[in-house]
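Enquirer: Following this message is one structure expressed as structure tokens.
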Amino acid sequence: QVQLVESGGGLVQPGGSLRLSCAASIPNFNANTMGWYRQVPGKRHELVARITDDYTTGYADSVKGRFTISRDNAKNTVDLQMNDLKPEDTAVYYCNVAPIGGGAGYSWGRGTQVTVSS
């Protein structure tokens, strides 16, 4: 049974930081490119960061230089360090497998709410 459990969200003022964590109970975790996505009401899930099996990272332009994705294959976790948060970062954040062709590999978990407000 696949489980994706996100944690670490919260309320933070602009310029603040949060660290999100994802516990991913999925097959072949080490071989998968993992991603962090975010969704705001009425919008599709947006891939904001990804990390490959060989630890190559990529970021959406909107978060580049502010967010850092990492993975711990021994723990099957994927983290997202978010710095210099902006109000437009407000969203529910999800982790998932990030297929090369786009979309997401599995059904979405609960996500974790990140709210950036002054």
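Enquirer: Of all the residues that make up the range 19-44, how many are over 14 Å from Val78 (Cα atoms) and not in a loop (DSSP other than H, G, I, E, B)?
Expert: The qualifying residues number 2.
Enquirer: Now for a separate question. Identify all residues within the range 49-85 that are open to solvent by less than 70 Å² (accessible area, probe 1.4 Å) and in contact (Cβ under 8 Å) with a residue 40 or more places away in the chain; write none if there are none.
Expert: Hits for the range 49-85 are Asn73, Asn76, Thr77, Val78, Asp79, Leu80, Gln81, Met82, Asn83, Leu85.
Enquirer: Something else: Pick out the one residue from Ala23, Ala91 that is open to solvent by less than 20 Å² (accessible area, probe 1.4 Å), modelled with pLDDT of 95 or more and under 14 Å from the mean Cα position of the chain (by Cα).
Expert: After ruling out the rest, the residue left standing is Ala91.
Enquirer: Here's something else I'd like to know. So which residues in the range 106-118 are open to solvent by less than 40 Å² (accessible area, probe 1.4 Å) and assigned to a loop (DSSP other than H, G, I, E, B), if there are any at all?
Expert: Listed by number, the residues that qualify are Gly109, Gly111.
Enquirer: Taking the condition surrounded by 15 or more Cβ atoms within 10 Å (Cβ to Cβ), over 22 Å from Ala23 (Cβ atoms) and basic (Lys, Arg), does Arg38 pass?
Expert: Working: surrounded by 15 or more Cβ atoms within 10 Å (Cβ to Cβ): yes; over 22 Å from Ala23 (Cβ atoms): no; basic (Lys, Arg): yes.
It is false that Arg38 is surrounded by 15 or more Cβ atoms within 10 Å (Cβ to Cβ), over 22 Å from Ala23 (Cβ atoms) and basic (Lys, Arg).
Enquirer: Of a type in the set (D, E, K, R) and more than 13 Å from Met34 (Cβ to Cβ): is that true of Lys75 in this structure?
Expert: no
The values are calculated or read from the model by the stated rules, or taken from the named source; none is laboratory data. Predicted model, so just to flag it, every value in this text is computed and none were measured. Don't worry about glycine lacking a Cβ; one is built from the backbone with ideal geometry, like all the others, and counts go over all protein chains shown. All accessible areas refer to the heavy atoms of the entire protein, side chains included, with ligands and DNA or RNA removed. Shrake-Rupley method; radii C 1.70, N 1.55, O 1.52, S 1.80 Å.
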